[in-house]
Amino acid sequence: MTKQQKLLTVSCVIISSISFIYPNTQEAYAGKSHSKTSLLEEQPLGRTSLKASATPSENLQTVLQDLRASSAITFQKGAFPVKKKNGCYLTPYCEGSFTSLSTAFSPEIVLKKVIPGKDGRAPVVDTEDPEYRVHGKIKMTFVNKKGEEYSGGGSGTLISPHHVLTAGHCLFSRKYGWAKRVEFFPGRNKEKNPYGGAVGSMLLSVKGWVENLNEEYDMGVLVLDRPIGYKTGWLGLCSAIEENAMKDIGRRKVHVTGYPGDKGGNEMWTMGHTLKNSTSKKLFYEIDTYGGQSGSGVWTKLSEEIGHHVIGIHTYGDRSTRENSATRITFGKFMKVLGWLKEYQLKELLHPSMFPKEENYGEEAEPSDLESTNEDLYHSDSLEVLKEEVHKFPSDETFRAESPTPEKSQEDLLKIHQGLGQQFRILKSKLYDLVTCCFNKK
């Protein structure tokens, strides 16, 4: 083969390769995906969103499924206490015991890194302990297009008398859509349910998960048909908005408590360790977990005065980086959940004796920059207040923050697409000129 023939062959290979790669580049920017997942294995997509043009406020729009079997279950709008303290926005923590009142999915990993070579989780023997009875087993039932039922198990954490914080994929599956029935059993201990159970009457998630399948918005709230939390208590919700507050949390031990499938799915297990690192919307740690713990609240004790609060929702594991991760409770997500706590309340939900007076929880403590004469401010999905704030946190040995990648608009993506196309045409033209020149010299 002559040099000209060799050059022609190489040029043809290069042009063919570019032609092959370029359509895939188009497809990636168009946000298409062809992932296959099973009901019990909700794999991460490997990208933050199927719709890269979606803004934070769009991703946080409410998407819901009404499962109320009876018109007797009604909701009303009401107040829910919130305050700002030590650089965090907080809802109250409550130990419960109001006795006078009636009332799996993810490829999480047992990393064996915190205790080298050993599973660091421990069984919770006394699930009726105030620290643990707020966590519960979630049982989900999905139905495929043929009408066949599939059951799955997850975990959740009470954040009010009848609101359970959990993962979005425990309520909405990529493969089967919305769950047809969801049950919650707080403090479950093997086959024993010390507080009974409650049925989900409303499933709440956000557009970022249900429509865009963005793992950074994998979050949901299960609204129960009765206030079972009056017996168990509930954890507060925490969003750290100041760098000193987040750095302090980064040094604290955080816990993941839930019902792992490798332990039978009905036994409560827990483990605590410090965070490994964080991004603006995710938390990462080396705490051992397994499928079935999805939806567990990532919780910590902020102080004796403030009590226990949830800072994230356990969702995924990553075998390549050897980390497990959670959806972080950012300011935008905090405000979205707070809106749900106000919007979907059972009759006579809150009463003054529920919270200590010295905690100074109340409507007057809400963020001053969100004050408005509009009484429906916290119930709107389209308001600017739902935009997520981005805070950069300092790094240290135990907590590393990463700068978020800015989301691109549709116009930016179009410009990138046009630029790639132009570069491809120029390169192809130059290669054609080169090949022609070689043949002319021959």
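The values are calculated or read from the model by the stated rules, or taken from the named source; none is laboratory data. The structure presented is a predicted model; accordingly, all values stated were derived computationally and were not measured. Methodologically, a virtual Cβ is constructed for each residue, glycine included, from the backbone with ideal geometry; neighbour enumeration extends over all protein chains shown.
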Sort out which residues of region 139-162 are over 14 Å from residue 313 (Cα atoms) and in a strand (DSSP E or B), and write them in order of number. 139, 140, 141, 142, 143, 149, 150, 151, 152, 153
Over region 163-190, the set of residues assigned to a loop (DSSP other than H, G, I, E, B) and modelled with pLDDT of 95 or more is 167, 171, 179, 180, 187, 188
Per-region count, region 66-87, residues surrounded by 15 or more Cβ atoms within 10 Å (Cβ to Cβ), more than 29 Å from residue 306 (Cβ to Cβ) and aliphatic (A, V, I, L, M): 2
Taking only region 184-203 into account, find how many residues are among the charged types (D, E, K, R) and either on the phi > 0 side of the Ramachandran plot or surrounded by 19 or more Cβ atoms within 10 Å (Cβ to Cβ) (or both). 2
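So that you can scan it fast, the table gives a plain yes or no per residue for (1) surrounded by fewer than 24 Cβ atoms within 10 Å (Cβ to Cβ); (2) modelled with pLDDT under 95:
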residue	(1), (2)
289	no, yes
293	no, yes
296	no, no
367	yes, yes
381	yes, yes
Among strands (runs of 3 or more DSSP E) completely within region 289-332, the ones holding 1 or more residues that are among the aromatic types (Phe, Trp, Tyr) and more than 13 Å from residue 278 (Cα to Cα) are 297-303, 307-318
Is it true that residue 275 is surrounded by 18 or more Cβ atoms within 10 Å (Cβ to Cβ) and in contact with a His (Cβ under 7 Å, 6 or more places away or on another chain)? no
Given the structure, is residue 323 at pLDDT below 90 and touching an Asp or Glu at 6+ places or on another chain (Cβ under 9 Å)? yes
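Yes or no, residue by residue, for (1) in contact with a helix residue (DSSP H, G or I) (Cβ under 8 Å, 6 or more places away or on another chain); (2) surrounded by fewer than 21 Cβ atoms within 10 Å (Cβ to Cβ):
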residue: 123; (1), (2): yes, yes
residue: 148; (1), (2): no, yes
residue: 169; (1), (2): yes, no
residue: 206; (1), (2): yes, no
residue: 221; (1), (2): yes, no
When you scan region 226-233, do you find a residue that is within 21 Å of the chain's Cα centre (by Cα), in the same structural domain as residue 327 (by TED's automatic domain parsing) and crowded, with 24+ Cβ neighbours inside 10 Å, even just one? no
